[in-house]
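All remarks here apply to the structure that follows.
Just so it is clear, none of the values below were taken in a lab; they were calculated from the coordinates. Every value quoted in this text rests on a predicted model; they were computed, and no experiment measured them. FYI the Cβ positions are ideal-geometry reconstructions off the backbone, even for glycines, and counts take in every protein chain you see.
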Amino acid sequence: MIQTNDDGSIIIHLLLIENYELERLLLGFGNGLEIIKPERLRNRFKMILEKSIEKYN
């Protein structure tokens, strides 16, 4: 299902199996992507991105 919001953003609902390849694919969208659910994947991305930021501090 695809939902278009008034601000021009979209929400895409997908049923996927979480794995390394999916993480890499999603990370490729950079700041053009926000993971809303599942919370577990959202937290995983937060951890990955925080570790990346640490490398530049």
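Taken over the range 18-38, the criterion of being outside any loop (DSSP other than H, G, I, E, B) and surrounded by 10 or more Cβ atoms within 10 Å (Cβ to Cβ) is satisfied by 22, 23, 25, 26, 27.
Of the residues making up the range 1-17, just one is of a type in the set (Val, Ile, Thr) and in a loop (DSSP other than H, G, I, E, B), namely 17.
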